[in-house]
1. For residues that are among the polar types (S, T, N, Q) and over 15 Å from the mean Cα position of the chain (by Cα), scanning just the stretch 171-213, find the one that is farthest from D74 (Cα to Cα).
2. For a quick check of your reading of the model, give me the residue pairs whose first member lies in the stretch 145-156 and is under 17 Å from T46 (Cβ atoms), whose second is among the small types (G, A, S) and within 9 Å of the ligand (Cβ to nearest atom), with beta-carbon atoms closer than 7 Å and at least 6 apart or on different chains.
3. Of the residues that sit in the stretch 93-128 and are over 21 Å from the mean Cα position of the chain (by Cα) and buried (at least 17 other Cβ atoms within 10 Å of the Cβ), which one is farthest from A83 (Cα to Cα)?
4. Considering the stretch 240-251 alone, what residues qualify as being surrounded by 15 or more Cβ atoms within 10 Å (Cβ to Cβ) and either assigned to a strand (DSSP E or B) or out of contact with any helix residue (DSSP H, G or I) (no Cβ under 6 Å at 6 or more places or on another chain) (or both)?
5. What is the residue count in the stretch 32-66 for residues that are more than 10 Å from the ligand (Cβ to nearest atom), in contact with a Leu (Cβ under 8 Å, 6 or more places away or on another chain) and not aromatic (F, W, Y)?
6. So which of I173, I163 is on the phi < 0 side of the Ramachandran plot, at pLDDT 95 or above and crowded, with 20+ Cβ neighbours inside 10 Å?
7. Give the number of residues within the stretch 203-223 that are outside any helix (DSSP H, G or I) and surrounded by 15 or more Cβ atoms within 10 Å (Cβ to Cβ).
Amino acid sequence: MLATSSTLTVARTVDELRTAVRAARDAGLSVGFVPTMGALHEGHATLVRAAAAEHGAVVVSVFVNPKQFNDASDLENYPRTEAADFERAAAAGATIAFAPSCDEIYPTGFATVVSPGPIGEHLEGEHRPGHFDGMATVVARLLGLAQADVAYFGRKDAQQLAIIEQLARDLAIPTRIEGVETVREHDGLAMSSRNMRLGKTDRVRALALSRGLFAAQGLAALGERSARAIEAAVQVELDAAALPTDYASLVDAATFVPVDALDRECVLAVAAHVGPVRLIDNVRLTPATQPAPAAA
Ligand code: AMP
């Protein structure tokens with residue numbers, strides 16, 4: 001185990017992680033946990049700061065999980081910036097970085113698959129076959145390894161967060177799951193590790209996702225309840241930027257099943273391809289108290 005010059009302890013193995021967490025517990029500290037795939041940005045740092053505000057020990061894991069990539073080139077091109085990740089994590093308040101090899105996470109004989117069921121069927125589940133099984137499997141294992149009091153996940157991956165909340169409930173995982181609001185660039189683009197792969201023109205075109213979501217949010221605030229009308233407000237922006245769309249869909253916030261009307265708490269979620277990069281984003285929508293006036 002490597003103790004860096006700052007207060008960050010880098011654990012490469014399960015044993016090293018357990019030793020570091022035990023030492024924190026022995027020192028009377030509670031433990032927060034932020035699982036990531038690295039290429040850390042301000043969104044991740046916000047999660048780490050949220051954890052550090054509540055816990056004396058904060059574990060940040062950096063592991064690009066091959067099981068959740070359904071596209072080999074996406075896995076191959078996924079950015080890897082480990083040294084900078086450790087610095088950013090430490091600056092945000094992490095005390096332990098867990099950066100394991102693949103063998104450490106999936107040792108010989110590893111066979112269990114955690115499958116989230118119906119909540120993972122639509123949206124990302126439909127467009128990235130196997131993704132949620134891979135994600136849920138690694139998150140279940142990481143939660144078991146870190147033994148944290150609270151684990152922090154971003155609402156940027158809203159369906160992922162809902163799946164993790166369900167798996168923690170269903171599998172009686174004692175770690176509390178906490179959602180953190182999406183962190184955006186000044187112009188609205190949701191921060192993502194994949195953004196660094198956007199060329200200059202595509203970076204501008206990518207704004208269509210957040211612009212569409214914000215337009216739809218405005219429409220909903222005015223009382224629009226038709227899912228088709230709300231989704232069309234997103235689609236029109238994606239079409240204007242000529243972005244191939246996987247979905248722009250209004251779903252129930254609890255089940256992630258598509259709805260016909262904004263008559264409950266919903267998530268408006270979008271996935272689109274911007275050049276070589278696939279981006280996702282979402283906003284939470286609640287019905288306006290006043291329904292839209294009927295068209296004349
Ligand atoms: P990733 O490294 O992309 O797997 O993300 C690790 C964690 O950071 C997940 O819980 C994500 O939801 C969260 N995250 C990623 N981007 C953002 C963002 N822009 N705002 C808030 N959380 C984020």
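The values are calculated or read from the model by the stated rules, or taken from the named source; none is laboratory data. Small disclaimer: the values here were computed from a predicted structure and weren't measured. In this analysis, Cβ positions are derived from the backbone assuming ideal geometry, glycine residues included, and neighbour counts consider all displayed protein chains.
1. T175
2. If the second residue must be among the small types (G, A, S) and within 9 Å of the ligand (Cβ to nearest atom), the pairs left are F153/G179; G154/G43; R155/G179; K156/G43; K156/A190.
3. So, considering only residues that are over 21 Å from the mean Cα position of the chain (by Cα) and buried (at least 17 other Cβ atoms within 10 Å of the Cβ), the one farthest from A83 (Cα to Cα) is Y106.
4. T245, D246, Y247, A248, S249, L250, V251
5. 5
6. I163
7. Residues that pass the stated criteria total 1.
Residue by residue, here is whether (1) touching a Leu at 6+ places or on another chain (Cβ under 6 Å); (2) farther than 30 Å from A140 by Cα holds:
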residue: P174; (1), (2): no, no
residue: E181; (1), (2): no, no
residue: H186; (1), (2): no, yes
residue: T201; (1), (2): no, yes
residue: A216; (1), (2): yes, yes
residue: L219; (1), (2): no, yes
residue: S226; (1), (2): no, yes
residue: T245; (1), (2): yes, yes
residue: P258; (1), (2): no, no
